1. Among the residues of region 253-262, is there at least one that is open to solvent by less than 70 Å² (accessible area, probe 1.4 Å), in a helix (DSSP H, G or I) and at pLDDT below 90?
2. Starting from residues that are among the hydroxyl-bearing types (Ser, Thr, Tyr) and in a helix (DSSP H, G or I), keep the ones in region 9-39 and report whichever is nearest to the ligand (Cβ to nearest atom).
3. For His330, are the conditions met, namely being away from the ligand (no atom under 16 Å from the Cβ), part of a helix (DSSP H, G or I), touching a residue at least 12 places away in the same chain (Cβ under 8 Å) and not assigned by TED's automatic domain parsing to the domain that holds Ala45?
4. Just one of (1) open to solvent by 100 Å² or more (accessible area, probe 1.4 Å); (2) over 26 Å from the mean Cα position of the chain (by Cα); (3) at pLDDT 90 or above; (4) not hydroxyl-bearing (Ser, Thr, Tyr) trips up Lys392, so point out which.
5. Being at pLDDT below 85, assigned to a loop (DSSP other than H, G, I, E, B), closer than 25 Å to Pro232 by Cβ and away from the ligand (no atom under 16 Å from the Cβ): is that true of Arg416 here?
6. Restricting attention to region 189-202, does a residue exist that is among the β-branched types (Val, Ile, Thr) and either crowded, with 22+ Cβ neighbours inside 10 Å or in contact (Cβ under 8 Å) with a residue 40 or more places away in the chain (or both)?
7. What residue, among those in region 40-68 that are aliphatic (A, V, I, L, M) and within 13 Å of the ligand (Cβ to nearest atom), is nearest to Ser206 (Cα to Cα)?
8. Can you go through Ala187, Ala202, Ala157 and tell me which one is closer than 23 Å to Val27 by Cβ, in contact with a Phe, Trp or Tyr (Cβ under 7 Å, 6 or more places away or on another chain) and not assigned by TED's automatic domain parsing to the domain that holds Ser376?
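The values are calculated or read from the model by the stated rules, or taken from the named source; none is laboratory data. Everything numeric here is computed off the predicted structure, so don't read it as measured data. Positions of Cβ are backbone-derived with ideal geometry, glycine not excepted, and every protein chain shown enters the neighbour counts. These accessible areas exclude ligands, DNA and RNA; they are computed on the full protein's heavy atoms, side chains included. Shrake-Rupley method; radii C 1.70, N 1.55, O 1.52, S 1.80 Å.
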Amino acid sequence: MSFASLGLIDPLCRTLDAIGYPSPTPVQTQAIPAVLAKRDVMAAAQTGTGKTAGFALPLLQRLTMEGPQVASNSVRVLVLVPTRELAEQVHESFKTYGASLPLRTAVAYGGVSINPQMMKLRKGLDLLVATPGRLLDLYRQNAVKFNQLQTLVLDEADRMLDLGFSRELDAVFAALPKQRQTLLFSATFSDEIRAMAGKLLADPLSIEVSPRNTTVQKIRQWVVPVDKKRKPELFLHLLAKKRWSQVLVFVKTRRGVEQLVDILAEHGVAADSIHGDKPQPARLRALDSFKAGQCRILVATDVAARGLDIDDLPVVVNFDLPIVAEDYIHRTGRTGRAGNAGEAVSLVCADEVTLLAAIEVLTKQTLQRIEEADFSPEHRVPVTNTAGEIVKKPKKPKKPKTVGEVSNVDVRFARRP
Ligand code: AMP
């Protein structure tokens, strides 16, 4: 299957050739013809499947074929994304794929001055990538108009709802023309997302390229049980032992991120960080230097779980398990991208057993536990199963065993390798 056979025009095919995309991924094979034919699409495609190009390529083609006719302050295609990082990345993808096309595109998100964004909008845009809050600010200040809007893309729709953008989204939907194409991409499909899709989409093509709520199969995932206070020490030990070339480390809180960065520095290990308290330029700098391979360790809160696309990132470490089980899938999806192998290691303490159980239910697997010598926890992490049950140690039999009687197995240790 070639990109040309999906109906993509020569300039796009040549660009794809130049950037080394040999053939379309499954999500692209299905999405590209449908988007070109102006159909609505609802895609359950997890990160790393090539979904961005799945909507970007056909939209760039349509914008080009229909010719530049945009009025001032108007936009023809609007792409909504949950985070600033994802906004930058999706916009970069549009710029890369559309390098040879005469289109005007821009990106808008909060946390930075609104004026340059207003200036860019003044002449009108073929395509705008935006986060919902800033888009509404622009709309309320009459900096953006939707009367020429043809297509709305909701990327990582589940994450937008998780981040509490539901009201902003409703306000945006109310401002858009009813006659339009809508494309909805989501890694997971909750009832809320399905309800939103039901409201927004007309006769959509449903695409599901990998089983719902599962992590990428190629990623080797395991858990190292450890006492909470020994996590930093264990991380340093694994870093030295495994000789990981680059690691993305997820920590639950902003404070936790900075504490880990400080501990690593005390041990002579340089690490950068991104979290919501950092100013946007500093976040982008840290991301760029990690992507360029100049920084070996990036410690982040879940703000970075979306939008980070790094070629060949070998390892993701969950220093803390995420509070929301779906975030495990997004964090893990930072490695093993576009068919590469990857590893996801979770350092789990006894307190986190219910979070572990929730992840195992969602991903329908029991994560393998591999203890590290010298790090066996004093507070054992109870064994869990894929039904979300914490398998408790059975009570000791009261009467002494007689020969031939089956003994009660301590299941807490039964599965450990
Ligand atoms: P996404 O799921 O959109 O975040 O894309 C994941 C990664 O796959 C990105 O690094 C893309 O550059 C890459 N990619 C997308 N489509 C292709 C393709 N057809 N062939 C090779 N790599 C691709």
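1. No, the conditions are met nowhere in region 253-262.
2. Looking at residues that are among the hydroxyl-bearing types (Ser, Thr, Tyr) and in a helix (DSSP H, G or I), I get Thr29.
3. no
4. Against the list (1) open to solvent by 100 Å² or more (accessible area, probe 1.4 Å); (2) over 26 Å from the mean Cα position of the chain (by Cα); (3) at pLDDT 90 or above; (4) not hydroxyl-bearing (Ser, Thr, Tyr), Lys392 comes up short only on (3).
5. yes
6. No, region 189-202 contains no residue that is among the β-branched types (Val, Ile, Thr) and either crowded, with 22+ Cβ neighbours inside 10 Å or in contact (Cβ under 8 Å) with a residue 40 or more places away in the chain (or both).
7. Ala43
8. Ala157
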